[in-house]
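The values are calculated or read from the model by the stated rules, or taken from the named source; none is laboratory data. In this text, all values refer to a predicted model and were calculated from it rather than measured experimentally. Quick reminder, even Gly has a Cβ in these numbers, built from the backbone with ideal geometry, and neighbours come from all protein chains shown. What goes into the accessible areas is simple: the full protein's heavy atoms, side chains included, and nothing from ligands, DNA or RNA. Shrake-Rupley method; radii C 1.70, N 1.55, O 1.52, S 1.80 Å.
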Amino acid sequence: MIYKELGKTGLKLSNVGFGASSLGGVFHDINEKEGIAAVNAALDNGINFIDVSPYYGHYKAETVLGKALKDIDRSRYYLSTKVGRYGKDGVNTWDYSGKRATDSVYESMERLHVDYIDLINVHDIEFSDLEQVCNETLPALCELRSKGVVGHVGITNLTLRHLKYVIEHVPAGTVESILSFCHYTLNDDALLDYLDYFESKGIGVLNASPYSMGMLTKRGVPAWHPAPAALIRLSRKAVDYCESKGVEIERLAVNFSMNNPRIASTLFSSARVEGVLKTIKYAEEPVDPQLIADVQKIFEPGYRDSWVNS
């Protein structure tokens with residue numbers, strides 16, 4: 001495992017990070033005991049960064065993760081969660097008000113059985129009024145930071161330019177990290193265009209979803225995947241090509257996404273011990289760079305094509 005500092009936070013994160021969305025049954029139903037075992041397997045094998053959100057499974061992911069963390073020494077991991085995006089009874093809700101952000105942090109700590117959060121993020125800011133995020137949400141989180149309730153403050157989003165907008169419209173030091181997903185993968189490396197900017201501001205970079213939300217897997221995309229049909233067709237061609245070479249596309253996807261020295265950590269999600277161990281192995285074992293180049297060539301007609309977040 002490789003450990004890298006997240007910007008100027010002082011947090012040295014494992015380059016493989018555990019995303020707990022699967023614990024909320026986001027991708028498919030889970031066995032709770034198996035999910036808890038997956039968290040333990042991640043920590044026992046060198047992962048020290050765990051990311052979750054009240055939105056994942058509409059509070060279920062935080063609840064299950066809290067059960068897993070209850071008897072684990074707090075010094076063994078850094079914990080990240082989010083505010084702004086929620087849900088109840090299968091209905092998505094958003095609330096970026098300062099009061100809701102503050103209340104949400106304390107509610108998350110209860111579910112997670114911790115007395116502080118290492119990194120708090122404003123979740124999916126493209127669904128917000130960005131002015132409210134700048135003038136209300138982030139100041140509320142900074143107030144919690146000043147009290148020691150949270151250690152550091154960040155923002156997350158699919159649309160990269162929104163991250164830059166917020167950073168430009170708040171005082172320096174407000175935003176300490178960004179979390180981007182699906183923009184440093186085999187089919188989309190748009191995050192590279194922003195690394196110089198983030199580094200110039202001293203802001204740490206987190207990446208998520210090396211499998212591009214299931215698109216870069218043999219199983220293929222879930223029915224709800226928002227990618228355009230043409231891009232999904234290219235992904236099937238890429239999967240088939242890897243199969244013909246006797247290599248799983250998952251191995252290439254993980255190895256590519258998790259080994260950029262300018263990205264502190266890349267998050268994957270699995271509620272199974274087998275999935276955790278396999279991902280760590282994929283990240284550590286070198287792959288043929290020519291094969292990666294060949295797969296990216298397959299994606300060329302739709303390279304960097306994205307979609308609307310949902």
**Request:** Return the total of residues in the stretch 249-265 being open to solvent by less than 20 Å² (accessible area, probe 1.4 Å) and either over 18 Å from residue 292 (Cα atoms) or free of Cβ contacts under 8 Å to residues at least 24 places away in the same chain (or both).
**Result:** 3
**Item:** The listed residue being of a type outside the set (A, V, I, L, M, F, W, C), under 15 Å from residue 52 (Cα atoms) and in contact (Cβ under 8 Å) with a residue 12 or more places away in the chain, out of 157, 92
**Value:** 157
**Item:** Residue pairs meeting the criteria (Cβ under 7 Å; at least 6 apart or on separate chains; first free of Cβ contacts under 8 Å to residues at least 40 places away in the same chain, in the stretch 269-287; second among the charged types (D, E, K, R))
**Value:** 282/250; 282/251
**Request:** Kindly indicate the residue of the stretch 58-91 that is at pLDDT 95 or above, open to solvent by 30 Å² or more (accessible area, probe 1.4 Å) and of a type in the set (Ser, Thr, Tyr) and also farthest from residue 155 (Cα to Cα) among those meeting that condition.
**Result:** 75
**Request:** Would you be able to say whether some residue in the stretch 233-248 is open to solvent by 10 Å² or more (accessible area, probe 1.4 Å), small (Gly, Ala, Ser) and in a helix (DSSP H, G or I)?
**Result:** yes
**Request:** Test residue 208 against the stated conditions and say whether it is crowded, with 16+ Cβ neighbours inside 10 Å, touching a residue at least 60 places away in the same chain (Cβ under 8 Å), within 21 Å of residue 24 (Cβ to Cβ) and among the small types (Gly, Ala, Ser).
**Result:** yes
**Test result for residue 86, assigned to a loop (DSSP other than H, G, I, E, B) and under 30 Å from residue 223 (Cβ atoms)** = no
